[in-house]
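J.: Take this structure, written in structure tokens, and hold onto it; I'll ask about it next.
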Amino acid sequence: MKLFNKNDIRSNKIYKNVAFSFLLKFIATIILFVMVPLTLTCLGNYQNGVWLTISSLLIWIDQMDIGLGNGLRNKLSISIAHHDMEEARKMVSSCMAMLTCIIIPLATFLLFLIQITDIYAFFNVEPERIPTLRTALQAAVIFVCMTFIFKLIGNVYMGMQAPSISNLIIVIGQGLALFSTWILLKTGNATFLNVVIVNTAAPLLIYMIAYPITFYKVFPTLRPSLSLINLRSALSLGNLGVRFFWLQIAGVIQMMTANILISNLFSPEIVTPYQIAYRYFSLVLAAFTVICMPFWNATTDAYERDDIQWIRKADKRMGFVVIILGLCLVLMVTISPFIYDLWIGDKCEVPFGITLMMAIYTFIIIASSRYSYFLNGIGALRLQMYMTVTVLFFIPLAWLASHLTHDINYFLAVMCLCITPSWIVNKIQFNKIINGKATGLWKK
């Protein structure tokens with residue numbers, strides 16, 4: 001089966017983006033594999049577990065754009081499909097203005113909260129082991145909040161069906177963070193505070209460099225302008241964005257609370273093997289994302305042009321990809337002890353149960369995302385929003401499982417259980433829409 005048809009323009013764009021993105025993901029994978037043992041060496045198991053927990057919390061800030069980034073990429077694709085560049089520029093300008101209005105009060109509130117809260121109790125951390133925890137948190141919030149605005153650049157590239165360029169910006173930022181962390185280690189300055197600063201400041205620096213290149217060289221017709229901020233465009237983005245935000249935040253709640261719950265119910269040290277297993281299988285998730293990401297906006301384009309046949313063919317190709325990646329997960333579980341030994345040596349032990357449960361969790365995400373990428377592309381978000389209610393059961397069920405069994409494997413089983421209903425409903429909804437049989441809520 002041919003995964004891409006190079007004879008039509010839409011598929012050809014996908015082919016080029018996937019090819020380049022795979023190269024970038026390969027580089028990102030190398031960076032990830034080097035970064036994990038490097039930060040473990042810099043910080044040790046305890047401090048590294050705390051840093052990983054903080055990292056998961058920082059994702060909250062990234063998701064607080066109320067879905068505007070994903071809304072922008074959809075709206076840009078629609079404007080481009082209708083050759084309306086003026087509306088596209090209004091969308092970019094309005095989106096950046098809204099992001100700025102969101103992040104300034106949010107950053108102020110978070111910095112105030114960090115100052116007055118007993119953060120050592122919140123993270124279950126001994127003050128003498130990380131005396132700079134509060135300062136590190138404040139620095140991380142400042143850098144991540146600034147990145148929040150500039151990351152709009154990535155959504156512009158995705159909306160223009162060039163996600164590989166967005167990936168390039170991210171990979172360069174990761175590379176700079178890795179290099180900076182290595183410099184800290186070699187110069188004897190690898191403190192908790194310094195590691196947090198270089199890992200949060202590096203992406204911001206790259207986005208700031210990419211801004212003038214993007215809007216003055218590559219897409220000058222999309223350059224944000226104060227005079228083009230438009231209330232109608234802002235409301236349109238907000239309407240669609242809120243739906244995306246709800247979907248984004250549901251996933252973040254589970255992943256963020258997982259780290260915090262593991263840290264509190266078990267120990268900060270257990271966060272490290274959990275995150276190592278998660279990052280190990282994130283290789284498969286990354287490969288799937290590389291393939292699927294271009295389909296999102298290509299689906300928007302196809303749906304706007306009523307090209308349902310193209311969407312059908314694309315879905316069949318995605319089914320083939322899911323099967324192949326599922327087999328890859330089985331192989332990865334089998335060889336995981338050998339890989340862990342090569343990767344992190346004796347710095348940290350990852351139990352087989354954690355590895356197996358994270359493989360199952362990863363497969364469910366992939367199988368569900370196969371349909372959600374297409375549903376997102378055509379704007380069918382309401383039913384997906386309703387299904388996120390299952391995430392609300394995660395915290396009480398995870399807490400109950402942990403207290404009854406004192407076994408992290410049951411905790412991870414609850415994670416898998418809470419995302420399975422969305423997989424089933426996504427599949428049913430996609431098939432109904434694509435076959436013209438969707439009515440009522442199934443169409444939304």
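J.: By count of other Cβ within 10 Å, fewest leading, how are LYS25, LYS444 ordered?
T.: Placing the least packed residue first, the sequence is LYS444, LYS25.
J.: What ranking do VAL50, VAL92, VAL198 get, fewest neighbouring Cβ atoms within 10 angstrom at the top?
T.: By the 10 Å Cβ count, ascending: VAL198, VAL50, VAL92.
J.: What are the ³J(HN,Hα) couplings of the range 98-108, residue after residue, when phi is run through the Karplus curve with 6.51, -1.76, 1.60 and θ = phi - 60°? Round to Hz, x for glycine and proline.
T.: My calculation for the range 98-108 gives 5, 4, 5, 5, 6, 6, 4, x, 5, 4, 4 Hz in order.
J.: Spelling out what I want: for every residue of the range 36-49, take phi, set θ = phi - 60°, compute 6.51 cos²θ - 1.76 cosθ + 1.60 (Karplus), and round to whole Hz; glycine and proline get x.
T.: Here the 3J(HN,Hα) series is 4, x, 5, 5, 5, 5, 5, 10, x, 5, 5, 5, 5, x Hz.
J.: In nanometres, what is the gap between the two model label sites at GLU304 and ASP341, each 7 Å from Cα along Cα-to-Cβ?
T.: The answer from the label model is 5.4 nm.
J.: Helix-only mean residue ellipticity at 222 nm, the chain, DSSP H runs n ≥ 4 weighted -39,500 (n - 2.57), per residue, nearest 500. What is it?
T.: Roughly -28500 deg cm²/dmol at 222 nm, from the helical runs in the chain.
J.: Follow-up. For the range 18-27, what does the Karplus curve 6.51 cos²θ - 1.76 cosθ + 1.60, with θ = phi - 60°, yield as ³J(HN,Hα) per residue in whole Hz, taken in order and with x for Gly and Pro?
T.: Karplus-based 3J(HN,Hα) across the range 18-27 equals 5, 4, 5, 5, 5, 4, 5, 5, 4, 5 Hz.
J.: In nm, to one decimal, how far is the modelled label at HIS406 from the one at HIS82, with both set 7 Å along Cα→Cβ?
T.: That separation, rounded to one decimal, is 6.2 nm.
J.: Using the 10 angstrom Cβ neighbour count as an exposure proxy, how do ILE323, ILE172, ILE30 rank, fewest first?
T.: Fewest-to-most ranking of ILE323, ILE172, ILE30: ILE323, ILE30, ILE172.
J.: Let me ask you something else. If contacts are Cα pairs under 8 angstrom and at least 6 residues apart, what is the relative contact order of the chain in percent?
T.: Contact order relative to length: 22 percent.
J.: Trypsin sites (Lys or Arg not before Pro) within the range 292-349: which are DSSP loop residues with at most 14 other Cβ atoms inside 10 Å?
T.: Passing both the DSSP loop test and the Cβ count: ARG305.
J.: From the alpha carbon gyration tensor of the range 128-206, can you work out the equivalent ellipsoid semi-axes (sqrt of 5 times each eigenvalue) and give them in Å, largest to smallest?
T.: That gives 28, 15, 7 Å for the three semi-axes.
J.: Under the Kirkwood approximation applied to all pairs of distinct alpha-carbon atoms, what is the hydrodynamic radius of the chain in Å?
T.: Final number for the Kirkwood radius of the chain is 22.8 Å.
J.: Below 8 Å between Cα atoms, with a sequence gap of 6+, how large is the relative contact order for the range 295-412 in percent?
T.: Relative contact order of the range 295-412: 36 percent.
J.: Just to confirm the number: angle between the C-alpha axis of helix 192-213 and the first principal axis of the chain, 0 to 90 degrees, nearest 10?
T.: For helix 192-213, the angle is close to 20 degrees.
Each value in this text was obtained by applying a stated rule to the coordinates, not by laboratory testing. Quick caveat: nothing in here was measured; it's all calculated off a predicted structure. Backbone-built Cβ (ideal geometry, glycine too); neighbour counts: all protein chains shown.
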